[in-house]
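As structure tokens, the structure follows; a few thoughts come after it.
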Amino acid sequence: MGDVNIPKTPRGQETMDKICRVSEELFSQKGYYNTSITDIAQRAKVAPGTVYIYF
């Protein structure tokens with residue numbers, strides 16, 4: 001799966017799934033290059049560092 005850290009807990013998997021889902025929504029709405037990590041983190045209701053942990 002490339003440079004992705006696989007979650008070790010069910011809660012971590014839920015968080016990663018939420019980040020992926022939100023990312024897809026934002027990329028569809030705003031485009032890849034117009035979407036920031038901050039946009040993703042805010043919409044997913046996680047800290048920006050959490051996005052970096054998984055990706």
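Shown in residue order for the stretch 23-30 are the 3J(HN,Hα) couplings computed by the Karplus curve 6.51 cos²θ - 1.76 cosθ + 1.60 at θ = phi - 60°: 4, 4, 4, 5, 4, 5, 7, 9 Hz (x for Gly and Pro). Taking each residue as 0.36 nm, the span from E14 to F27 lengthens on full extension beyond its C-alpha to C-alpha distance by 2.7 nm.
In the frame of its principal axes, the chain has Cα extents of 31, 24, 16 Å, reported largest first.
Each Cα pair under 8 Å and six or more residues apart adds its separation to the average, and for the chain the resulting relative contact order is 41 percent.
How about K45: which aspartates and glutamates have a C-alpha closer than 18 Å to its C-alpha, ignoring those fewer than 8 places off in the same chain? Straight-line reach from K45, under 18 Å: E14, D17, E24, E25.
For the chain, the 222 nm mean residue ellipticity estimated from helices alone, with every DSSP H stretch of n ≥ 4 adding -39500 (n - 2.57) and the total spread over all residues, rounds to -20500 deg cm²/dmol. Under a 5 Å amide H cut-off, with hydrogens placed 1.01 Å from N, V46 pairs with nothing among residues at least 5 apart or on other chains. Of the trypsin sites (Lys or Arg not before Pro) found in the chain, those in coil by DSSP whose Cβ has at most 14 other Cβ atoms within 10 Å are K8, K45.
Only the coordinates and a few stated rules stand behind these numbers; no lab work does. Just so we're clear, the structure is a prediction, and the values are computed from it rather than from any experiment. Virtual Cβ from ideal backbone geometry, glycine too; neighbours counted across all protein chains shown.
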